[in-house]
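Everything below concerns the one structure shown next.
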Amino acid sequence: MIKVKELTKVYREGRGIRNISLQVDAGTAFGFLGPNGAGKTTTIRVLMGFIKSDSGRVTIDDYDCWREKTEVKKIVSYLPGELHFMENLTGVDFLDLIAGMHCDCLQIKKNRDYFVSALDLDLKILIRKMSKGMKQKLGIISALMLDASVLILDEPTSGLDPLMQKVFIDLILEEKKKGKTLFMSSHQFAEIERTCEQAGIIREGKLLAVQSISQLREAEYQTFEIEVESEKDAELLKQSQLNLTPIQGGCFVIRVAGELDNLWLALAQVRAKRFRQRSLELEEAFMDFYR
Amino acid sequence: MNRALFRAMFKQYRKKVAAISTGIVLYEGLLTWVYPVIAKNSAVMEIAESIPSAVKTVFGVPENARTDTFEAFISGQFFARIWVMLMALYGIETANALLAKMVDDGSLAFLLSTPVSRSEILSTQTGVLISTNSILVAVTIFGLYFGTFCSGIEIEHWRYLRFGILGLSFFSLIESYSLFFSAWFVEEERALTYAAGLTLAFYGLDIAGGLSDKLSWLKKLSLFQLFQPQEVLEGTTDPAWPIIGLSIASTVLWYLTKKVFETKDLAI
């Protein structure tokens, strides 16, 4: 459905993306992961026909994303990463505008009502009076209500609280069940992990890897922090097979790839004052690719 | 032209148009109310005639023009300077807000993600610009009809209508080059600076050219030479050719804007 072949787009100041190739099959979901400024949004801008590539070919459903951009948008729904609305409109005015610029059919209005109720948004409020989270919800509704076969979402959950992030993921899974193709950029591995079959990792404009989520899980590192009671415990920990980084005194950071068996074995031999798992961060999860 | 977009954009500007329209009508009401008093006072007319031509030029009164007519009064007090600058600034600011600002702040991303082509979006935004411009011109002309009727001032309605059409085409050209700069720079500040700078340059040339005979050639470089309210209202100049010329220039500029906008990289 989405084909990107040897795509290069370099801005005047030298930033951009170089030689990116990827493919997203119809009905599957692709997560695009990478730090800020890696080139995720630039890739999406090319897909949406906002900017022209320097070289390479980018198509959605065999339509060229630059030459046939109007055709592409008949089958694509888009959520921008930076949300800027016409601030003097109310939520309902804005959604009417987007629906009107598509087909203004009854189905869109039905879908709108469903998503408004799922995300619990008051559409009568002027957009300029909405909070960041409310604006994010409005953007999500405008993208999902169109029932397009391809969804391109640029960091869709930024600004949403954890509860709404969960609701969003559930909505995306529902869309996937309907056979939609999904291209989603994110900083959050957990979000991609739950919704996508494949993930691409981009850094400094280069696509480092495209792997299935199950492959990535195997390569994924989990990080823990432990504080042991005595020097003897610290010695025992050092003698184990674990990847240890001392912080201070009896405190260590443990990085574990794949299965956790070795960790449990080592922990059984020491007395721990404190033990906690660090939140899984993208940088940690994909450290191997980043190095 | 996309109907949904036109409706939404028009809704955004209707309050502004209503406010400017109210201001115009009230000011015209004031001018038409005081004119009969001034016209009866011969001393005021003598003062007006004794003003040097260079000073008259600053207020938009052409050299050797009459000063004892309502057309001279309304041109000097309103059309030649206040109205033209008000309308020009409205056109520049609105053209900028309808394109460059929306690219700059990213709000165009939602519109461009719909199956409406860039040229259709541009034509809709132009439609909003021209229609609000038309409303302001129509309010100005009909407001004056009303004011003169209430004050018992006799005017040639047809000449005022032709003057309205001239105003519409004149401001359309200013809006067209403002849109062009918006599409070219896709950056609010630069587009606004160039459009306002060019208009002020034309305005400055018009004023400077009237200050002395030596500088009169400067007037020929100014777009404002095509907009001579008093002469059109008194019937001493036929506005047909300026209207045609301005309209052709606007159309050509719009076509260029469309070409530029269709191929421009929009980092939104």
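Couple of notes before you dig in:
- Against the test of being more than 14 Å from chain B (Cβ to nearest Cβ) and under 21 Å from the mean Cα position of the chain (by Cα), the options A:Gly56, A:Gly49, A:Gly31 yield a single qualifying residue, A:Gly31.
- The lone exception for A:Gly100 - which of (1) in contact with a helix residue (DSSP H, G or I) (Cβ under 7 Å, 6 or more places away or on another chain); (2) more than 10 Å from chain B (Cβ to nearest Cβ); (3) not polar (S, T, N, Q) it fails: (2)
- Answer from A:Asp170, A:Asp147 - the residue that is surrounded by fewer than 15 Cβ atoms within 10 Å (Cβ to Cβ) and among the acidic types (Asp, Glu): A:Asp170
- Residues that are touching a Ser or Thr at 6+ places or on another chain (Cβ under 9 Å), within 11 Å of chain A (Cβ to nearest Cβ) and in contact (Cβ under 8 Å) with a residue 24 or more places away in the chain were ranked within the range B:98-110; the one that is surrounded by the fewest Cβ atoms within 10 Å (Cβ to Cβ) is B:Lys101.
- Qualifying residue in the range A:170-177 (condition: closer than 21 Å to A:Thr41 by Cα and within 14 Å of chain B (Cβ to nearest Cβ)): no
- Here B:Phe227 meets each of (1) more than 12 Å from B:Ala95 (Cα to Cα); (2) more than 15 Å from the chain's Cα centre (by Cα); (3) touching a residue at least 24 places away in the same chain (Cβ under 8 Å) with one exception, condition (2).
- Filtering the range B:111-131 to residues that are in contact with a Gly (Cβ under 9 Å, 6 or more places away or on another chain) and more than 13 Å from chain A (Cβ to nearest Cβ) leaves only B:Leu129.
- Summed over the range B:221-257, the residues that are in a loop (DSSP other than H, G, I, E, B) and of a type in the set (Val, Ile, Thr) give a count of 2.
- Residue identified as in a loop (DSSP other than H, G, I, E, B), touching a helix residue (DSSP H, G or I) at 6+ places or on another chain (Cβ under 7 Å) and away from chain B (no Cβ under 14 Å) among A:Leu83, A:Leu121: A:Leu121
- The set of residues in the range B:117-127 that are farther than 14 Å from B:Val186 by Cβ and crowded, with 21+ Cβ neighbours inside 10 Å comprises B:Thr124, B:Thr126.
- Residues of the range A:86-97 satisfying the condition of being at the interface with chain B (Cβ under 9 Å from one of its Cβ atoms), touching a residue at least 40 places away in the same chain (Cβ under 8 Å) and not in a loop (DSSP other than H, G, I, E, B): A:Phe94
- Residues in the range A:253-291 that are exposed (fewer than 12 other Cβ atoms within 10 Å of the Cβ), at pLDDT 80 or above and in a helix (DSSP H, G or I): A:Asp261, A:Trp264, A:Ala268, A:Gln269.
- Out of A:Asp113, A:Asp93, A:Asp120, one residue alone is over 25 Å from the mean Cα position of the chain (by Cα) and over 25 Å from A:Thr70 (Cα atoms). It is A:Asp113.
- For A:Lys137: the one exception among (1) more than 14 Å from chain B (Cβ to nearest Cβ); (2) out of contact with any helix residue (DSSP H, G or I) (no Cβ under 6 Å at 6 or more places or on another chain); (3) closer than 27 Å to A:Ala38 by Cα; (4) crowded, with 18+ Cβ neighbours inside 10 Å: (2)
- Residue, nearest to B:Glu189 (Cα to Cα), within the range B:83-96, restricted to residues that are surrounded by fewer than 20 Cβ atoms within 10 Å (Cβ to Cβ) and of a type outside the set (Asp, Glu): B:Leu89
- Checking B:Tyr194 against (1) modelled with pLDDT under 95; (2) surrounded by fewer than 21 Cβ atoms within 10 Å (Cβ to Cβ); (3) part of a helix (DSSP H, G or I), the condition it does not meet: (1)
Matching residues to (1) in a helix (DSSP H, G or I); (2) buried (at least 20 other Cβ atoms within 10 Å of the Cβ); (3) not basic (Lys, Arg):
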site: B:Ala138; (1), (2), (3): yes, no, yes
site: B:Gly147; (1), (2), (3): yes, yes, yes
site: B:Phe170; (1), (2), (3): yes, yes, yes
site: B:Ser178; (1), (2), (3): yes, yes, yes
site: B:Leu211; (1), (2), (3): no, no, yes
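- Filtering the range B:14-33 to residues that are over 20 Å from B:Gly147 (Cβ atoms) and more than 9 Å from chain A (Cβ to nearest Cβ) leaves B:Arg14, B:Lys16.
Conditions (1) at pLDDT 95 or above; (2) touching a helix residue (DSSP H, G or I) at 6+ places or on another chain (Cβ under 9 Å); (3) among the small types (Gly, Ala, Ser), marked per residue:
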residue	(1), (2), (3)
B:Ser119	yes, yes, yes
B:Ile130	yes, yes, no
B:Gly152	no, yes, yes
B:Ile155	no, yes, no
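- In the range B:149-168, the residue that is farthest from the chain's Cα centre (by Cα) out of those that are surrounded by fewer than 16 Cβ atoms within 10 Å (Cβ to Cβ) and not in a helix (DSSP H, G or I) is B:Gly152.
- Number of residues in the range A:59-80 that are buried (at least 24 other Cβ atoms within 10 Å of the Cβ) and within 7 Å of chain B (Cβ to nearest Cβ): the value is 3.
The values are calculated or read from the model by the stated rules, or taken from the named source; none is laboratory data. Keep in mind the model is a prediction, meaning the values are calculated, not measured. Cβ atoms come from the backbone with ideal geometry, glycine included; neighbour counts cover every protein chain shown.
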